[in-house]
Amino acid sequence: MTHSGSAPSISPPSPRPAAARSWAGPLRAALAGVAAAAAALGVAEIVAVLTGPLSSPLLAVGGVVVDNVPAPVKDFGIAVFGKHDKTALITGTIVLLALYAAAVGIAARRSWRLAAAGVALFTAVGVVAALTRHDAGAAAALPSLVAGLAAMAALRYLVPLAAATEPPVAAHPSVTEPSATEPPVAEPSAAAHPSAARPSAARPSAARPSAARPSAGTRLAAAVRPSAAASWPLPDGSRRRFLIGTGLVAGAGIVGGFGGRFLTSRRAVTAAREAVVLPPPVQAAPSVPAGAQAPGASAYVTSNRDFYRIDTALYPPQVDPSTWELRIHGMVRNPITVTWAELLQRPMISRYVTLACVSNEVGGDLIGNALWLGTPIKALLDEAQPLPEADQVVSRSADGWTCGTPTSVLRDGRDALLAVGMNGQPLPVSHGFPVRMVVPGLYGYVSACKWITEIELTRFADFDAYWVPRGWSAQGPIKTQSRIDTPRDGSGRKAGPVTVAGVAWAQHRGIAKVEVQVDAGPWAEATLAPPVSADTWVQWSWQWQATPGKHTLRVRATDTTGETQTSTPTPTAPDGATGWHSTQVTIN
């Protein structure tokens with residue numbers, strides 16, 4: 001029974017569980033590390049506006065990854081992500097960097113030397129990657145160096161804020177706190193013990209050992225082990241300061257990153273491209289025949305926006321046409337250099353040509369057909385007068401990428417072009433502006449050099465182009481292939497007439513026949529739409545009287561030499577995939 005005048009009992013809040021304390025500190029330190037990395041990358045992007053976009057740590061390291069990734073990994077990336085492989089690579093690089101930055105932030109809780117070593121490693125990787133890029137000068141190291149300083153400064157600011165949010169460890173119960181299972185011993189009240197009003201001197205302290213003063217050791221232990229009250233949830237102020245600081249640092253990095261990209265784009269060649277006036281061709285391409293578009297098949301002419309892009313450039317080289325020139329040298333009798341103005345004065349022709357990537361899987365979409373405007377490469381080579389033993393033409397891009405093309409192919413009369421236009425417009429920057437190569441009948445990795453700045457005559461025995469040491473064939477003639485565009489794999493149709501349609505290609509040879517098979521039935525010949533030339537794909541269609549059930553459709557093509565594509569499936573490496581494309585269809 002309580003006394004009417006006694007105060008109500010108020011229990012203090014429970015201490016935070018030790019498990020919560022164990023991960024909260026490292027988590028905040030990890031967030032500090034990630035925010036510091038964001039700030040570092042943002043600062044680097046701003047500096048890269050002055051030193052060139054490829055000097056930014058993100059693009060420099062990504063470029064090194066592209067150059068050194070094993071062929072199976074590259075094939076996997078293209079097979080999974082297709083035309084978005086570069087976005088996937090950049091995203092993956094950012095994720096790995098965030099994990100590394102988190103580890104550095106956690107290390108900073110324990111040792112600034114360890115954190116500094118982590119930042120130094122990040123800086124060194126960026127510097128080496130930037131300096132080893134094509135035509136990189138000493139200034140290319142600057143973005144990574146400044147990024148390292150920014151990362152360390154951000155860590156110095158954020159890690160102490162994170163530490164301030166960590167609650168002290170609760171005291172051992174034997175030091176100052178009563179046991180949680182034993183109630184404190186109450187002192188007798190004055191009303192119950194009148195003698196308590198007597199002076200304390202009348203009761204020596206020696207007679208009350210429970211009230212003895214703690215020893216020096218006990219007091220020291222209490223000082224270094226704060227009481228449980230100190231481990232109660234801290235005021236929101238320290239956490240608020242940490243969250244605000246982290247948000248400001250990370251936000252500054254994000255703004256800096258996007259701002260740097262924006263400034264870089266302002267310095268890009270977009271304006272120069274828009275100012276280009278393409279000359280009219282002295283010989284125009286044949287018109288697309290009526291009926292060239294088969295119902296349900298891909299567009300006969302692929303738009304610039306939809307045209308596939310597979311290359312090693314994480315950021316398309318920004319080549320100013322006013323300073324562009326093409327140097328033709330090597331094993332030639334007459335080395336020549338052609339400027340942009342001189343190139344536009346040369347005779348131009350327009351041609352429809354279908355290009356395909358060697359990484360295109362059976363049934364894949366890494367292929368497109370466009371109208372190209374350019375000057376014949378053969379005429380330029382004839383002026384340079386290659387030596388008889390020069391059997392390879394090595395083309396170099398502005399970013400240092402190389403491809404090797406047989407000299408004989410470029411001089412056999414096919415419409416191999418130094419192209420400046422695509423579908424009636426100047427080349428898009430992502431497709432090689434201002435000048436690229438277009439060669440019918442060869443995969444792009446041995447012929448379609450974008451942002452071309454150099455042609456060197458040499459021999460296959462003396463030089464391996466970019467992809468050859470990475471496991472691809474030195475020569476890459478396109479293989480006869482076909483694809484079903486409709487009905488799509490896994491789709492459903494109603495019983496009755498169903499249009500089966502798609503495309504087939506064997507550039508520079510041409511398609512003679514396309515056949516379709518349902519399940520294990522006989523092959524039926526499809527109707528071919530008229531193509532512009534043997535250098536473009538052919539669209540085909542076939543009317544199928546579909547019956548209910550699940551069916552497998554297959555397609556195969558035969559080129560004008562009489563060779564029918566093989567049914568044997570092979571991977572894309574080393575010289576292009578083979579096999580028949582098939583789709584599964586459910587008929588209701």
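No value in this document is a laboratory result; all are computed from the given coordinates. As the structure is a prediction and not an experimental result, all values here were calculated from the model. Positions of Cβ are generated from backbone atoms using ideal geometry, with glycine treated the same way; all protein chains shown enter the neighbour counts.
See the values below:
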quantity	calculated
Gain in span if fully extended, Gln475 to Asn304, counting 0.36 nm per residue against the direct Cα distance	58.8 nm
Point-to-point label distance, Thr568-Trp523, nm (Cα→Cβ direction, 7 Å offset)	1.6
Spin-label pair Val277/Leu27, simplified geometry with 7 Å Cα→Cβ offset, distance in nm	6.5
Dipole magnitude (debye, nearest 20) for the stretch 455-557, charges at Cβ of Lys, Arg, Asp, Glu	400
Per DSSP, loop trypsin sites (Lys or Arg not before Pro) in the stretch 491-543 with at most 15 further Cβ within 10 Å	Lys494
Calculated FRET value between Ser491 and Thr91, using beta carbons and R₀ = 30 Å, to 0.05	0.50
Sequence-separation-based contact order of the stretch 481-587, relative, with Cα cut under 8 Å and 6+ spacing, percent	35
Net length gained if the chain between Ala268 and Ile254 were fully extended (0.36 nm per residue, minus Cα distance)	2.9 nm
Net length gained if the chain between Ile336 and Thr552 were fully extended (0.36 nm per residue, minus Cα distance)	72.1 nm
Three-way shape label, the stretch 298-352, alpha-carbon gyration tensor, a/c 1.5	prolate
Taking the C-alpha atoms of the stretch 481-587, convex hull volume expressed per residue in Å³	98
Spin-label pair Ala71/Ala290, simplified geometry with 7 Å Cα→Cβ offset, distance in nm	4.9
Alpha carbon centroid spacing (whole Å) that separates the stretch 68-119 from the stretch 353-424	35
Cα-based convex hull volume of the stretch 255-364 per residue, rounded to whole Å³	224
Shape category assigned to the stretch 337-461 from the gyration tensor of Cα positions, a/c cut at 1.5	oblate
